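The values are calculated or read from the model by the stated rules, or taken from the named source; none is laboratory data. If you're wondering where the values come from, they're calculated on a predicted model, not measured in any experiment. Positions of Cβ are generated from backbone atoms using ideal geometry, with glycine treated the same way; all protein chains shown enter the neighbour counts.
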Amino acid sequence: MLVPVETAIDGLVRTLLEAVLPDVGTRFARGQLYAVVDILRNLRDRVEPKAALADAEAESALTALDQAEAACRGAGAVGEAARIADAVRAVPAAPPIDRATALRGAVSLALEVVDGLPPDAAAPARAAIAAHLTAQAFRDLAVLKPSLLTEISKG
């Protein structure tokens, strides 16, 4: 029987906190134990890439790229819009991790393309991409667990 990685790490954390920690005698050792627990808790959701996280990133990127392409077309930058559209068409449909990775590349390309536009024409495209990148930063942070630095420093 295969145990999911999340379940195994949860069990390790629970054992360390409930069975090991009460018998640890020194502040230094307690600090080291909390550091290990902190790493395990944050590693839990990063060991195996989560398809749901990649799907959310991909949907957000596609929306931003569509808006950037439309902004380019609206500004008369048809060639630039076509470069963004071509990059999106080249993105694989699956697996989710590969799709999200390819869309990151397309977002980078869109930023390069938009950089060559006049400021007024570039503003809507930059805003769309900035909204995606902001949302992605929050998605990346959302999987992190609260830090145990206070417990680590107390030992």
In region 107-123, anything within 13 Å of residue 80 (Cβ to Cβ) and surrounded by 14 or more Cβ atoms within 10 Å (Cβ to Cβ) is listed as 109, 110, 111, 113, 114, 117, 121, 122
If we ask which residues in region 118-137 are modelled with pLDDT of 95 or more and not in a helix (DSSP H, G or I), their number turns out to be 0
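Yes or no, residue by residue, for (1) over 30 Å from residue 128 (Cβ atoms); (2) hydrophobic (A, V, I, L, M, F, W, C):
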site: 19; (1), (2): yes, yes
site: 22; (1), (2): yes, no
site: 27; (1), (2): yes, no
site: 42; (1), (2): yes, no
site: 55; (1), (2): no, no
site: 76; (1), (2): no, no
Being assigned to a helix (DSSP H, G or I), more than 24 Å from residue 51 (Cα to Cα), basic (Lys, Arg) and touching a residue at least 24 places away in the same chain (Cβ under 8 Å) narrows 83, 99 down to just 83
A careful count of residues in region 22-38 that are farther than 22 Å from residue 144 by Cβ and assigned to a helix (DSSP H, G or I) gives 6
Residues of region 74-117 being of a type in the set (Lys, Arg) and within 24 Å of the chain's Cα centre (by Cα), in sequence order, are 89, 99, 104
Residue 91 passes all but one of the listed conditions (1) out of contact with any Pro (no Cβ under 8 Å at 6 or more places or on another chain); (2) part of a helix (DSSP H, G or I); (3) more than 30 Å from residue 36 (Cα to Cα); the exception is number (2)
Taking first residues from region 23-51 that are closer than 22 Å to residue 7 by Cα and touching a residue at least 40 places away in the same chain (Cβ under 8 Å) and second residues anywhere that are of a type in the set (Gly, Ala, Ser) and not in a helix (DSSP H, G or I), the pairs with Cβ under 9 Å that are 6 or more apart or on different chains are 34/155; 38/147; 42/147
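Yes or no, residue by residue, for (1) within 30 Å of residue 11 (Cβ to Cβ); (2) small (Gly, Ala, Ser):
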site	(1), (2)
52	yes, yes
66	no, no
80	no, no
85	no, yes
89	no, no
94	no, yes
98	no, no
108	no, yes
Could you check, for region 6-15, whether at least one of its residues is among the polar types (S, T, N, Q), exposed (fewer than 12 other Cβ atoms within 10 Å of the Cβ) and under 23 Å from the mean Cα position of the chain (by Cα)? yes
**Item:** Flag for residue 152 being of a type in the set (A, V, I, L, M, F, W, C), surrounded by 11 or more Cβ atoms within 10 Å (Cβ to Cβ) and in contact with a Gly (Cβ under 8 Å, 6 or more places away or on another chain)
**Value:** yes
- Task: Could you tell me whether residue 65 is assigned to a helix (DSSP H, G or I), under 18 Å from residue 137 (Cα atoms), aliphatic (A, V, I, L, M) and in contact (Cβ under 8 Å) with a residue 24 or more places away in the chain?
- Result: yes
